Amino acid sequence: MLNIDNKIGSEMYSWAEDLFPICRSLTGPGVRETLNYLKKLIPELKIESVPSGYKAFDWTVPKEWSVVAAYIEDDKGNVVVDFKDNNLHLVGYSHSIDKWVELDELDDHLFSLPEQPTAIPYVTSYYDLNWGFCITDILRKQLKEGKYHVVIDSKLEDGVLNYGELIIPGETDREILLSTYICHPSMANNELSGPVVTTALAKWLMGQMNRKYTYRILFVPETIGSIVYLSKHLEHLKKKVDAGLVVTCVGDDRDYSFLPSRLGSTLIDRVSLSVMSSFIGEFKKYSFLDRGSDERQFCSPGVDLPVASIMRTKYGIYPEYHTSLDDLSLISPAGLSGGYSLIKKVIQCLELNNTYISKVFCEPQLGKRNLYPRLSTKSKADYVEAEIILNVLAYCDGQTDLLRISEILKKSIFELKDVVNILIDNALIEEL
Amino acid sequence: MLNIDNKIGSEMYSWAEDLFPICRSLTGPGVRETLNYLKKLIPELKIESVPSGYKAFDWTVPKEWSVVAAYIEDDKGNVVVDFKDNNLHLVGYSHSIDKWVELDELDDHLFSLPEQPTAIPYVTSYYDLNWGFCITDILRKQLKEGKYHVVIDSKLEDGVLNYGELIIPGETDREILLSTYICHPSMANNELSGPVVTTALAKWLMGQMNRKYTYRILFVPETIGSIVYLSKHLEHLKKKVDAGLVVTCVGDDRDYSFLPSRLGSTLIDRVSLSVMSSFIGEFKKYSFLDRGSDERQFCSPGVDLPVASIMRTKYGIYPEYHTSLDDLSLISPAGLSGGYSLIKKVIQCLELNNTYISKVFCEPQLGKRNLYPRLSTKSKADYVEAEIILNVLAYCDGQTDLLRISEILKKSIFELKDVVNILIDNALIEEL
Amino acid sequence: MLNIDNKIGSEMYSWAEDLFPICRSLTGPGVRETLNYLKKLIPELKIESVPSGYKAFDWTVPKEWSVVAAYIEDDKGNVVVDFKDNNLHLVGYSHSIDKWVELDELDDHLFSLPEQPTAIPYVTSYYDLNWGFCITDILRKQLKEGKYHVVIDSKLEDGVLNYGELIIPGETDREILLSTYICHPSMANNELSGPVVTTALAKWLMGQMNRKYTYRILFVPETIGSIVYLSKHLEHLKKKVDAGLVVTCVGDDRDYSFLPSRLGSTLIDRVSLSVMSSFIGEFKKYSFLDRGSDERQFCSPGVDLPVASIMRTKYGIYPEYHTSLDDLSLISPAGLSGGYSLIKKVIQCLELNNTYISKVFCEPQLGKRNLYPRLSTKSKADYVEAEIILNVLAYCDGQTDLLRISEILKKSIFELKDVVNILIDNALIEEL
């Protein structure tokens, strides 16, 4: 079972509380405010930017969006909806407007969810000039015929798209990629769980000695952010990245979920499934066809990075997804800690998973190293330790990695770690 | 479900009615009459010949056989059996004879089926000098002791072996091979269904624009005909043929059947199984060990063409096989149309099954091409079309062919055709 | 089913009776006496030696051990235990001692099995200076407080380690390795069954004409013996050995058992499983992780010989294992004959398992070779023989070995032998 660390869980939860009110979008002050908060937690984080109009493969970085105010009044001056109350009320990238409209016209710009009448939906129009308000279906049904004053005071101007990059060097230049996103307004599981768990993982990694891998950790606006990053670093990433994870929806306390890479049998797929099988009782295995976050870019043909997703309850699956109900009550210290601990185990497994080669022909004489019973008897119990040493050694053939050995021996890689150390200390195997 | 075209079905059935009475054999006037009939339907058909004595690998083309008359009279001058009534009455390649024999001696040259007393069996003796008559078991049991006058007026002379070849050129010189046989006398499913369905397919193919493949269509006497053809064209066929089918037993209205190539996982095996799984509820899968027609030659070691068989009810399986009961009542317009439509679907699938490569890194921006919802909402229904486009694109990696993509996406290749065209029209993928 | 040959079974059993009383160990006169006995049965057997102190990979050959006498007396001069009664009474490699001790001290050097109170256990201390006696638990419980006179008169001196090697040349220099061990004192299934079955196999092989393979047959002390042999012949063995078996525990009449090579899908694995599936109703399949004899060395990384084990009841599995209960009553002529016959079948299968290539394109004309019915009729029974000939021929493609063909055709390789001979005699195939 996973070790749930409530101290880390509470810390991550408090970061999510701080970040929750900020109005994030693809670009703009909300993203910068979020990145600056994370930089206080990890001063090594570099905040990068590309200008509006920047071309990244098939895409162009949009203008920067910021909102001063947005509301709807009725003809008696009563405020019906106000962006100040909940930043989900405003359709993302809405342009400015100040106009009296009849209910009929207003209604074309309203979004609600009849099947979730208390939820404010999350709607954006990043690449198409538009405006709109998102409200509960209860409120929508209460709106009476008449005139409404619609006011949106927003800016769509040339500016920048920001993202955060943190590189934690290791003993080798082989890389593990972690990517999460920072572009959704006030939502908890499908937004803040990702950056807070990733931040906690980064802080833990920076405190570890003897990291084999170099870690490349990204905080990007979803889709356009990862595409911009790939367009700048594709050749390097294709050469160096051995495994990667998109970190999203890791904060609630329901499912554990796995979504494979496109190729489906890369190192990260094997390690994730092995760790999840060992440490999680039941978990959901999705298909790559169920994808929906930045693995869409990382795994696209020609990019083909070995990137999978480990989640708690997957986006699109839980009813609160992309609504105001995905709030701080949906995530918990225990939920976040579960996501954090699982990904930490996966990273530890990646770090442990080396390939070894035996330095002797035939079995070594374990007896002279005090690794074998001095008397040969019939008792199987006397041979348990020697047997596991010999079994690990039997597969140290320079081709079978430790993860595969752990599968053959039906023991987790963590159980084999000490055996490997004994074999190295006795100069019986060496790492390839 | 398959589209059953009764118009084509009736047309094929009428050709079978015309061809039924002809006394075909390995060689001789019946084969030529049959090929000449087909040439009226497809004027481009070339009728080829090789002389008796021609060496083809391990075989020698036999003499040409023709029959003037053949009958048995009793001592009162009553005609007991007459070749004029049914050309199955005479054992194929019987030599001439005019002799009075006792019933005992006659009986050694009679063939009947005790378990099918009303059926005349089909027997040949191509490569061994012999004579005989095939009769119903009812008749055989009625024959009384006494003398019988056996008369066979046939010729076995140096002549030719004929076959038909039709080449329908396509945009490339990669070839699809269709082969059927024209060497059985009056039998319907296990003879005429093959040439009439193949003829209808040829006429349809010649009317198609933009055929990727070149089609090589053969009407050959079984075994010796395909061996002769292979001996003349082996090198070319090995270089050019991407897939092939033996067309036989495609006219009754019972089973659909598949018999794989020897290697079992070639393109034609994959395409046939995919199409049959999509369009036929249940069908029978035979083993290559159940083979019995010209795939015996096309798939032999050293030849190794990727050739399978698609049938309705397989030869050897149905009780009327190789008897006079395999007559025009056993096949039907609907039965023939089912065989025709299925093979047409397989050909269409082969034509559609290209391999594509994405022309952009990462996902393209579908929104600017009006292929993505303008507003991002929570409604899955809005994304159905965009999702299938992105899913096809995700596997356009230059290695996964469209058939494999259709299997991954659990959609038939025909459902993906429009998506592929959209992607090509938008310059997002190109064919390899 | 296997043919159980009682004559050979009784002969093997009588050899085991002769060899049973000898006190074998890793080294010493017992090993030499055993090898000399076997050399009388197979004069071609060469008895080799390496000196004490010889370095073999990670190991050093120990001193030679011999025993003059060993017993325990009580203070009244009653002999409590005497090595003369059963050579299992003395812990292997016990050093000399002549000393009066209290029961407490004695007890530290006694070994018994509380759960098998009538059994004397088998204990050794090859690589650690020590002494001890093995007794039944019944006797141990009867020992009273008091002084005991412990006498062991043994020698541990520089000498040699002996092993036997028999090479039976074949038509090619490709080799089959058979290895068995000769280092346990009076035990029957887990010791003598191995050398006596191996000896019978060697005698049978030497009487065979036309052996394709060269046979290398080893009689070695377990572990150190095979390691010494490998250290002297590793390069040769890696180049030449196509398959091998460790022959152990082949004399009782209970299970048949298979333990695979480390790689698990080598020729010997395929052949053994095929033969056992054909000839043994049910048998036990162990994992390589269950290994315990010299396949530990033969299959170690860097050595990697394709060596598996075929056994009756596996060592470690049956209760009498490594005790005085593994005596001559545990094995039987029928049990030994079963082990012998099974391994003989495996060898015969290895000898038969060639790869053939068809010498003709397409099917040959079997009719002109009297291998096909002269008349083509509907009767399937007439085609049974021709069909199997054509089916074998269909897979003589220069890649599919006869064992694989036998799997495809669901017939044992022995059933296909005559067909292969017909095809060779008719110049239709040739061996690769």
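Nothing in this text is a laboratory measurement; each read-out follows from the coordinates by a stated rule. This is a predicted model, so every value here is computed, not measured. Here the Cβ is made from the backbone with ideal geometry for all residues, glycine too, and neighbour counts use every protein chain on show.
For C:R369, go 7 angstrom from Cα along the Cα-to-Cβ vector, then report the distances to that same point in the other copies in nm, smallest first.
Label point to label point, same position, other copies: 5.9, 5.9 nm.
Summarise the long-distance tail of P(r) for chain A by giving the % of C-alpha pairs beyond 31 Å.
Tail of the P(r) past 31 Å holds 47 percent of the pairs.
For B:L245, B:L161, what ranking results if the residue with the fewest other Cβ atoms within 10 Å of its Cβ goes first? Intermediate results must be reported in sequence, preceding the final value.
Working: B:L245 30, B:L161 25.
So the residues, fewest neighbours to most, are B:L161, B:L245.
Which whole-percent values make up P(r) of the protein assembly as shown when all C-alpha to C-alpha distances are grouped in 10 Å steps starting at zero?
Taking all Cα pairs of the protein assembly as shown, the binned fractions are 1, 7, 12, 13, 12, 13, 14, 12, 8, 5, 2, 0, 0 percent.
To the nearest whole number, what is the average tally of beta carbon atoms from other chains within 10 Å of the beta carbons of peptide A:285-291?
Mean partner-chain Cβ count within 10 Å for A:285-291: 3.
In straight Cα distance, which aspartates and glutamates are under 18 Å from C:K155, not counting same-chain residues fewer than 8 positions off?
In chain and number order, the partners are C:E33, C:E64, C:D82, C:D98, C:D128.
In nm, what does the list of distances from B:V101 to its counterparts in the other copies look like, shortest first, when each label sits 7 Å along Cα to Cβ?
Counterpart label points of B:V101 in the remaining copies fall at 10.0, 10.0 nm.
Divide by every residue of chain C the summed helix terms, -39500 (n - 2.57) for each DSSP H run of at least 4, and state the resulting mean residue ellipticity at 222 nm, rounded to the nearest 500 deg cm²/dmol.
-10000 deg cm²/dmol
In Å, what Rg and Dmax follow from the Cα atoms of the stretch A:73-164?
Reported Rg and Dmax, both Å: 13.9, 47.
Quick one: which of B:K203/B:K344; A:K212/A:K284; A:K380/C:K55; C:K76/C:K99 span more than 18 angstrom between C-alpha atoms?
Where the Cα-Cα span goes over 18 Å, the pairs concerned are A:K212/A:K284; A:K380/C:K55.
Cut-off 10 angstrom, C-alpha nodes, Gaussian network model of chain B. Which of B:L26, B:L366, B:L35 fluctuates the most?
B:L366
What does the copy distance list look like for C:D18, label position 7 Å along Cα→Cβ, in nm and ordered from shortest?
8.9, 8.9
Stokes-Einstein at 37 °C, 0.692 mPa s, Kirkwood radius from Cα pairs: D for the stretch A:1-80 in µm² s⁻¹?
201
Alpha carbon centre of the stretch B:191-213 versus the stretch A:359-432: separation in Å?
Comparing the Cα centres of the stretch B:191-213 and the stretch A:359-432, I get a distance of 66 Å.
Per-residue Cβ counts within 10 Å, from other chains only, averaged over A:53-63: what number is that?
Mean inter-chain Cβ contacts per residue within 10 Å come to 3.
Which cross-chain or sequence-distant (5 or more) residues have an amide H under 5 Å from the amide H of A:V81, H modelled 1.01 Å from N in plane?
For A:V81, the qualifying residues are A:I72.
May I ask for the net charge around C:F279, where only other residues with Cβ less than 11 Å from the Cβ of C:F279 are counted and Lys, Arg are +1 while Asp, Glu are -1?
Charge balance in the 11 Å sphere: +2.
Who wins for biggest fluctuation among B:Q297, B:Q142, B:Q399 in a Gaussian network model of chain B, springs between alpha carbons below 10 Å?
Evaluated over chain B, the most mobile residue of the options is B:Q142.
Residue-wise, which Karplus ³J(HN,Hα) couplings in Hz belong to the stretch A:74-83, taking 6.51 cos²θ - 1.76 cosθ + 1.60, θ = phi - 60°, and x for glycine or proline?
8, 6, 9, x, 6, 6, 8, 9, 9, 3
Quick one: of the DSSP bridges fully inside the protein assembly as shown, what percent are antiparallel, nearest 5?
Bridges in the protein assembly as shown that DSSP calls antiparallel: roughly 65 percent.
May I ask you to sort B:K55, A:K63 by Cβ crowding, counting other Cβ atoms within 10 Å and putting the fewest first? Show your work: numbers first, answer last.
On the way: B:K55 11, A:K63 16.
The most exposed by this proxy come first: B:K55, A:K63.
For chains B and C related by rotation, which residue of B has the Cβ nearest the axis, and what is the rounded distance in Å?
Measuring from each Cβ to the axis, the minimum is at B:S265, 11.
With an 8 Å Cα cut-off and a minimum separation of 6 or more residues, compute the relative contact order for the stretch C:65-157 in percent.
Answer for the stretch C:65-157 is 45 percent.
Using the C-alpha atoms of the stretch A:88-137, what convex hull volume per residue, in cubic angstrom, is computed?
78
Under 10 Å, Cα contacts only: if you run a Gaussian network model on chain B, which one of B:K232, B:K411, B:K380 comes out with the highest mean-square fluctuation?
In this elastic network of chain B, the residue with the biggest mean-square fluctuation among B:K232, B:K411, B:K380 is B:K380.
How big is the Rg/Rh ratio for the stretch C:9-141, C-alpha atoms only, Rh by Kirkwood, two decimals? Write out the running numbers ahead of the final one.
Values: Rg = 17.5 Å, Rh = 17.0 Å.
Dividing the radius of gyration by the Kirkwood radius yields 1.03.
Can you sort B:T172, A:T180 by how many other beta carbons sit within 10 Å, fewest first?
Listing B:T172, A:T180 from fewest to most nearby Cβ atoms yields B:T172, A:T180.
Output ³J(HN,Hα) for the stretch B:296-301: one whole-Hz value per residue in order, computed from phi by the Karplus curve 6.51 cos²θ - 1.76 cosθ + 1.60 with θ = phi - 60°, and x for Gly and Pro.
Taking θ as phi minus 60°, the curve returns 4, 8, 4, 9, 5, x Hz for the stretch B:296-301.
Would you mind calculating the relative contact order of the stretch C:140-269 from Cα pairs under 8 angstrom and at least 6 residues apart, reporting the percent as a whole number?
35
Can you give the Rg/Rh ratio of the stretch A:355-431, where Rg is from the C-alpha atoms and Rh is the Kirkwood radius?
With Rh from the inverse mean 1/r over Cα pairs, Rg/Rh is 0.96.
How many angstrom lie between the C-alpha centres of the stretch B:270-305 and the stretch A:224-280?
When both Cα centres are located, 41 Å separates them.
Only Cα pairs under 8 Å and at least 6 apart count here; give the relative contact order of chain B as a rounded whole percent.
18
Calculate the tail of P(r) for the stretch A:176-289: the fraction of all Cα-Cα distances greater than 24 Å, expressed in %. Mind dumping the intermediate values first?
Working: 1854 of 6441 pairs.
Here the long-distance tail beyond 24 Å is 29 percent of all Cα pairs in the stretch A:176-289.
When Cβ neighbours within 10 Å are restricted to other protein chains, what is their mean count per residue of peptide C:393-400?
3
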